[in-house]
Amino acid sequence: MPFDPASVQSQLAALVARHGRPGRAWVAFSGGRDSTVLLDLAVGLAPQLGIRVAAAHVHHGLQVEADAWATHCRAVAAELGVDCRVLAVDVDRDGPDGLEAAARHARYAALGSLLDEADWLMTAHHRDDQAETVLLNLMRGAGPRGLRGAAGSRRLGRGRLVRPLLDVAATDIEARAAERGLRWIEDPSNLDTGRDRNFLRREILPRLSGRWPAAARQLARSAARATEAALVLDEVAAADLAGAGRPGRLDLAALG
């Protein structure tokens, strides 16, 4: 059974109440299943939320199909009645952190530069993505700040990055796509288990879920608890700093 769009609408309405109505809500639209579901959902919810929706597709130029994917995204956006901005980026294929990290950096830099003041960028990261992020950060030896995973909302450029599907399971997104009869593209690089995230997605999480069916949900819950712990640590650190001197001066003894 697909998820209830009303739950996503409630999340977005809460963000509007907290941060104000966005000038424009851009959907990061790769053309894949998850972002296609998000764009379709955002267009359907836009009238109730009083927001303007547009799509932004990043053309990485890393696959031979990249031009065709951009054409597909423009066509799907046109069918939904929204504009689609295609952003071409140059990815450093020889970067020290690897191709995935370089592509991600280029992607967010391009999308962040697109945002005007108060604009939103909505991405289709879901619960299973959050679980993968927590596992990746565990393997890197992260502390509370790293284990909180992806934030549901944070500043990006002059606007705000919003992830309204973080509480939604990948299987529910798949069901929604089938129910709506949506069409999307498949990136062959997602099959490459030589990449860490794909390895977790295709080899590790299915085995964890086979043993513990709620594995992804529990990992996401741990991320939420780590977020709470990190916030408390930040508050304590801020209080300690405030009591350790005055502007321009720092009492090191007070910090001891």
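The values are calculated or read from the model by the stated rules, or taken from the named source; none is laboratory data. Quick caveat: nothing in here was measured; it's all calculated off a predicted structure. Backbone-built Cβ (ideal geometry, glycine too); neighbour counts: all protein chains shown. Heavy atoms of the whole protein, side chains included, go into the accessibility calculation; ligands, DNA and RNA do not. Shrake-Rupley method; radii C 1.70, N 1.55, O 1.52, S 1.80 Å.
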Being touching a strand residue (DSSP E or B) at 6+ places or on another chain (Cβ under 9 Å), aliphatic (A, V, I, L, M) and open to solvent by 20 Å² or more (accessible area, probe 1.4 Å) is the filter here; which residues of segment 50-74 pass it?
VAL53
Need the failing condition index for ARG154 against (1) in contact with a Lys or Arg (Cβ under 8 Å, 6 or more places away or on another chain); (2) open to solvent by less than 20 Å² (accessible area, probe 1.4 Å); (3) outside any helix (DSSP H, G or I), just the number.
(2)
Within segment 157-168, the count of residues that are touching a His at 6+ places or on another chain (Cβ under 8 Å) and in a strand (DSSP E or B) comes to 1
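To keep it simple, each residue is scored yes or no on (1) within 23 Å of ASP172 (Cα to Cα); (2) in contact with an Asp or Glu (Cβ under 9 Å, 6 or more places away or on another chain); (3) modelled with pLDDT of 95 or more.
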residue: PHE3; (1), (2), (3): yes, yes, no
residue: SER10; (1), (2), (3): yes, no, no
residue: ARG33; (1), (2), (3): yes, yes, yes
residue: LEU39; (1), (2), (3): yes, no, yes
residue: ARG52; (1), (2), (3): no, no, yes
residue: GLY61; (1), (2), (3): no, yes, no
Lone qualifier among LEU233, LEU219 - being part of a helix (DSSP H, G or I) and at pLDDT 90 or above:
LEU219
If we keep just the residues of segment 157-168 that are surrounded by 18 or more Cβ atoms within 10 Å (Cβ to Cβ) and out of contact with any Gly (no Cβ under 7 Å at 6 or more places or on another chain), which is farthest from THR227 (Cα to Cα)?
GLY159
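Across segment 12-24, which residue is farthest from ALA75 (Cα to Cα) among those that are out of contact with any Asp or Glu (no Cβ under 6 Å at 6 or more places or on another chain) and buried (at least 18 other Cβ atoms within 10 Å of the Cβ)? Break it down into steps so the answer makes sense when it comes.
First pass over segment 12-24, keeping only residues out of contact with any Asp or Glu (no Cβ under 6 Å at 6 or more places or on another chain): 12-21.
Still in the list and also buried (at least 18 other Cβ atoms within 10 Å of the Cβ): 12, 15.
Details: LEU12: 26, LEU15: 30 Å.
Checked segment 12-24; the qualifying residue farthest from ALA75 (Cα to Cα) is LEU15.
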When segment 25-49 is examined, which residues are found to be touching a strand residue (DSSP E or B) at 6+ places or on another chain (Cβ under 8 Å) and open to solvent by 60 Å² or more (accessible area, probe 1.4 Å)?
SER30
Can you tell me how many residues in segment 75-129 are assigned to a loop (DSSP other than H, G, I, E, B) and open to solvent by less than 50 Å² (accessible area, probe 1.4 Å)?
11
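Got a number for residues in segment 33-74 being at negative phi and not in a helix (DSSP H, G or I)? Steps first, answer last, please.
As a first pass, look at segment 33-74 and keep what is at negative phi: 33-49, 51-60, 62-74.
Applying the additional criterion that residues be not in a helix (DSSP H, G or I) yields 51-60, 62-65.
Result for segment 33-74: 14.
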Note down all Cβ pairs under 7 Å where the first residue falls in segment 1-27 and is closer than 16 Å to TRP120 by Cβ and of a type in the set (Lys, Arg), the second is open to solvent by 20 Å² or more (accessible area, probe 1.4 Å) and modelled with pLDDT of 90 or more, and they're at least six residues apart or on different chains.
ARG21/GLY50; ARG24/ARG52
Here the residues within segment 169-216 that are open to solvent by less than 70 Å² (accessible area, probe 1.4 Å), in contact (Cβ under 8 Å) with a residue 12 or more places away in the chain and not in a helix (DSSP H, G or I) are ALA169, LEU182, ILE185, ASP187, ARG195
For the structure I just gave you, tell me whether GLY141 is farther than 27 Å from ALA70 by Cα, of a type outside the set (A, V, I, L, M), modelled with pLDDT under 90 and out of contact with any Phe, Trp or Tyr (no Cβ under 6 Å at 6 or more places or on another chain).
no
